[in-house]
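Shown next, in structure tokens, is the structure this report addresses.
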Amino acid sequence: MNGTNEKATRSPGARPGLTLAAVAVVQFMVSLDLSVVNVGLPEIGSGLGFSTVDLTWVIHAYALTFGGLLLLGGKAADRYGRKRVLLFGLGLFGLASLVGGFAQAPGQLVGARAAQGIGAAALAPAALALLTATFPTGKARVKAFGVWSAMNAAGGALGVLAGGLLTEYASWRWVMFVNVPMATLALAMAWRGTVDSKPAARGGRPDVLGAVLATGGLVLLVFGVVRTDQHGWTSAVTVTTLAVSVVLLAAFVRVERTTAREPLVRLGLFANRSVAGANSYNLLVGAAMASAFYFMSLYLQRVLGEGAAATGLMFLPFALGVVVGSVLAVKLGYKVAPRTLMACGGLLTALGFAWFGLISPDGSFLTDVFGPSVAASVGFGLCLGPVVSTATVGVEPQETGTASGLLNSSRQIGASLGLAALGTAAEHRTGHALTPQALNDGYALGLNLCAALLVVAVVTALAVLRRPGEPGQAPASVPEPAASETAAD
């Protein structure tokens, strides 16, 4: 399409340069916030008085609200206006970051992280939808999505490093404060540079009740698992908490089937083997990756005694390895089926995590971290593109946005559920003796369990996804993201 037609299809009054800049800042910020707190966790724990297990709620609070409300955020953007929802999300995200930075108690920080997740669930799909509308076709679209992808990778790669530097040379509070100027800048650019286009036809109102039931059920499920360090699995507290969680999740399924409003996700979508397989795989990968980051960050600081800044630098090989794996996946994607790449990448990541599981109290970066980081990260990079490609195969055009949003939700939810289960298992192995040896044993168990989750993910992919050449098999090439896809990858 020529430049004249390309301009004609844009929203009147839009300023493409400012829109792209705003979306780039949003993507960088959301991606950064997925990892920036990891290195600061020990300082956060000692500064606010978190227990070892309760410290995981700094991650859970963000992941659960982000993943649980992401589909609602995408539908709200379509119905109420993408610019309006983006500005709301940015305002909430920035305010929550400011409040979190001033937190004086664990509950205040956890509440701020939950509010950040709500803001991210609103702003992420709205920003990408605006980018799609502003650059509908042509070379400008390719360039715009290239910038989007670069900011996604840069935020994830720099998050751990930035968290380490801020924690050591400023304060852990700056892993929260750092979002405020970015959110303010993005809000100003979005206010001036973006224009809402009215949807052609409004559907039913978004299913808010379903979103509340799903998020509430997941929160109680995680809470029940995490608190088994104080209340055993057969205690009345644990059984009641898990039972209420099951009731809420069952109610969510019923509401999605019977609601007069627009459901968050059509349950029949899971009958598609590509959708079911990709999301099951993604859930397990998300669980393993979030847990491994958590365990390795604590191992480097609490067992090896590294500072926060040094720990951040030690994660750089992992970040670079993901980039290498992603590039390799693109090159191989024209010849190798996504199912095969997912299996190979998953096995390589599992090998890296099992290698991580050999950590020792007197280890070092070169002997215990560098090699496993390279193996696990390249394998993870191999998985990223193919799982996105697979998740929308055979999906009706009007549901591709929902399928993309669902994929990102599954990773966030998997991250929280996995960290709850594996973090609790590691805590039980460590016990009350917080010696380097005891901590090492707990983290090693957790990392070996991460490897096991990746093996299960590979088995799931091979069992559920179609073989190359079968009807419904994903194409070799990796498509650009759909409008509701977010940075959760």
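The values are calculated or read from the model by the stated rules, or taken from the named source; none is laboratory data. All values reported here derive from a predicted model rather than from experimental measurement. Glycine also receives a Cβ, built like all others from the backbone with ideal geometry; neighbour counts cover every protein chain displayed.
Numbers at a glance
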| read-out | value |
| --- | --- |
| Flag if S46 is under 24 Å from H428 (Cα atoms) and outside any helix (DSSP H, G or I) | no |
| Output for the stretch 325-346, where each listed residue is surrounded by fewer than 16 Cβ atoms within 10 Å (Cβ to Cβ) and either part of a helix (DSSP H, G or I) or among the aromatic types (F, W, Y) (or both) | V327, V330, K331, Y334 |
| G91 being assigned to a helix (DSSP H, G or I), assigned by TED's automatic domain parsing to the domain that holds T52 and surrounded by 19 or more Cβ atoms within 10 Å (Cβ to Cβ) | no |
| Test for S51: is it surrounded by fewer than 19 Cβ atoms within 10 Å (Cβ to Cβ), at pLDDT 85 or above and assigned by TED's automatic domain parsing to the domain that holds A188 | no |
| Residue selected from the stretch 3-38 under the condition part of a loop (DSSP other than H, G, I, E, B) and of a type in the set (D, E, K, R), by the criterion modelled with the highest pLDDT | R15 |
| Residues within the stretch 232-252 that are small (G, A, S) and outside any helix (DSSP H, G or I), tallied | 2 |
| Residue that is more than 27 Å from R339 (Cβ to Cβ), out of contact with any Leu (no Cβ under 9 Å at 6 or more places or on another chain) and outside any helix (DSSP H, G or I), where the choices are L434, L419 | L434 |
| Identity of the residue in the stretch 262-278, closer than 18 Å to G68 by Cα and without any contact (Cβ under 8 Å) to a residue 60 or more places away in the chain, that ends up surrounded by the most Cβ atoms within 10 Å (Cβ to Cβ) | P263 |
| Lone qualifier among T238, T228 - being crowded, with 18+ Cβ neighbours inside 10 Å, over 24 Å from the mean Cα position of the chain (by Cα) and more than 30 Å from V459 (Cα to Cα) | T238 |
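One line per residue, one yes/no per condition, for (1) touching a Cys at 6+ places or on another chain (Cβ under 6 Å); (2) more than 20 Å from A271 (Cβ to Cβ); (3) without any contact (Cβ under 8 Å) to a residue 24 or more places away in the chain:
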site: G352; (1), (2), (3): no, yes, no
site: D362; (1), (2), (3): no, yes, yes
site: P386; (1), (2), (3): no, yes, no
site: A391; (1), (2), (3): no, no, no
site: E396; (1), (2), (3): no, no, yes
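Residue-wise test of (1) modelled with pLDDT of 90 or more; (2) crowded, with 24+ Cβ neighbours inside 10 Å; (3) under 17 Å from the mean Cα position of the chain (by Cα); (4) of a type outside the set (V, I, T).
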residue	(1), (2), (3), (4)
S416	no, yes, yes, yes
A425	yes, no, no, yes
L439	yes, no, no, yes
N448	yes, no, no, yes
L454	yes, yes, yes, yes
V458	yes, no, no, no
A461	yes, yes, no, yes
R466	no, no, no, yes
P479	no, no, no, yes
